[in-house]
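Colleague: Before anything else, here's the structure in question.
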Amino acid sequence: MTIKVLLLTATLLAGDLALGHAPVLAQTAGAAAATAAQPAPWREKLKLFAQASFKHPAWGYSHSLRIYNLSLQLAAADKAVVDDDVLFAAALLHDAAAFPAYAKKDVDHADRAVELAEGLLRDTGFPMAKLPKVQAVMRTHMFFREPAGPEALYFHDADSLDWLGAIGIARVTATVDLTGTIIGGVPDGPAVVRQLQAFLQAVPPRILSPAGKAMLPERRVFLERYLSTLAAQTDDFKTL
């Protein structure tokens, strides 16, 4: 492979990863040629909608991007075949009902998001034949639900892992809301500790994929050490 081809490949690969898409590499006779997949128009429309509508550090647009990328990472580690379109759409919409504008009283946010998915996707140009898979992924994304199919499995584990480690601490801390205006908001520091402790007990047994289980120990240990250190510095949380 020539230096010119290597440079072209690296440039295309970097640009594609920055957009959050898996690169497409095509082999030609005797040489490797890299081509960056152009994002489908529906993806750009959905991305702009999610950026504008879902703004929250715990379950907003940034969380969606992390879960999308981590789902692909876990699937790749297990050499599993997943539908990128399904994961992208599910990632951007799975927590829509965590926002007051889309919530429905007495309906779990995952189930409500499933109800909303068709209307939110149809006008984007999304390939609607894939909608049932998107809805299946969204319905079982929480750690206490049972995923079926590779997309649902890796998305479920990615979302669960995002409640642990440093990012889990950041997310739960971001739910402190003294005004009561955020769905799922907690009132103070001790409530954050109780939520982190609950996740530490409940989430690890619900990581189901081999790749997810391999990633789990680092995040679990980080959270355990954080809580232990915080307890030592706050008289066992009494002065938190």
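Colleague: Search region 40-71 for residues being aliphatic (A, V, I, L, M) and free of Cβ contacts under 8 Å to residues at least 40 places away in the same chain, and hand back the single one that is surrounded by the fewest Cβ atoms within 10 Å (Cβ to Cβ). Break it down into steps so the answer makes sense when it comes.
Modeller: Quick first cut of region 40-71, residues aliphatic (A, V, I, L, M) only: 40, 46, 48, 50, 52, 58, 65, 67, 70.
Retained after the next criterion (residues that are free of Cβ contacts under 8 Å to residues at least 40 places away in the same chain): 48, 52.
Details: L48: 11, A52: 9.
Ranking the qualifying residues of region 40-71, first place goes to A52.
Colleague: Being surrounded by 23 or more Cβ atoms within 10 Å (Cβ to Cβ), in contact with an Asp or Glu (Cβ under 6 Å, 6 or more places away or on another chain), assigned to a helix (DSSP H, G or I) and not small (G, A, S) is the requirement here; does V86 meet it?
Modeller: The answer is yes for V86.
Colleague: I'd like to verify a number: residues in region 89-112 that are surrounded by fewer than 19 Cβ atoms within 10 Å (Cβ to Cβ), among the aliphatic types (A, V, I, L, M) and either touching a Leu at 6+ places or on another chain (Cβ under 8 Å) or in contact (Cβ under 8 Å) with a residue 40 or more places away in the chain (or both), how many?
Modeller: Summing the residues that are surrounded by fewer than 19 Cβ atoms within 10 Å (Cβ to Cβ), among the aliphatic types (A, V, I, L, M) and either touching a Leu at 6+ places or on another chain (Cβ under 8 Å) or in contact (Cβ under 8 Å) with a residue 40 or more places away in the chain (or both) in region 89-112 gives 2.
Residues checked against (1) modelled with pLDDT of 95 or more; (2) not aliphatic (A, V, I, L, M):
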{"site": "V137", "(1), (2)": "yes, no"}
{"site": "F144", "(1), (2)": "yes, yes"}
{"site": "P147", "(1), (2)": "yes, yes"}
{"site": "P150", "(1), (2)": "yes, yes"}
{"site": "S160", "(1), (2)": "yes, yes"}
{"site": "A166", "(1), (2)": "yes, no"}
{"site": "A170", "(1), (2)": "yes, no"}
{"site": "L178", "(1), (2)": "no, no"}
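Colleague: OK, next. Only residues that are open to solvent by less than 20 Å² (accessible area, probe 1.4 Å), out of contact with any Lys or Arg (no Cβ under 7 Å at 6 or more places or on another chain) and closer than 19 Å to A80 by Cα: list them for region 202-240, please.
Modeller: S209, A211, G212, L216
The values are calculated or read from the model by the stated rules, or taken from the named source; none is laboratory data. Please read all numbers here as calculations on a predicted model, not as lab measurements. Cβ sites come from the backbone with ideal geometry, for glycine too, and all protein chains shown count toward neighbours. With ligands, DNA and RNA removed, areas are computed over all heavy atoms of the protein, side chains included. Shrake-Rupley method; radii C 1.70, N 1.55, O 1.52, S 1.80 Å.
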